[in-house]
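First up is the structure itself, then whatever we jot down about it.
The values are calculated or read from the model by the stated rules, or taken from the named source; none is laboratory data. Here the structure is a predicted model, which is why all the values come from computation and not from measurement. Heads up, the Cβs are rebuilt from the backbone with ideal geometry, glycines too, and the neighbour counts pull from every protein chain shown.
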């Protein structure tokens, strides 16, 4: 769960690391991690980064 800006930045760094290569080539467990992080980041941004 992403609650703070620090959590957000850590999640973004992890997403960046996971997407350095071909996301379709990720093992299932890492793909699920990427999917979960992406959803959490999106939820955080919807609340804290309104345009």
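Quick look at the numbers
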item: Tabulated pairs, the range 1-23, first over 14 Å from residue 44 (Cβ atoms), second part of a helix (DSSP H, G or I), C-beta under 8 angstrom, 6+ apart or interchain; result: 18/30; 18/33; 18/34; 18/37; 19/34; 23/31; 23/34
item: Answer residue from the range 19-51, given it is closer than 23 Å to residue 4 by Cα and in a loop (DSSP other than H, G, I, E, B) and is modelled with the lowest pLDDT among those; result: 51
item: Within the range 1-18, tally of residues that are loosely packed, with under 14 Cβ neighbours inside 10 Å and not in a helix (DSSP H, G or I); result: 3
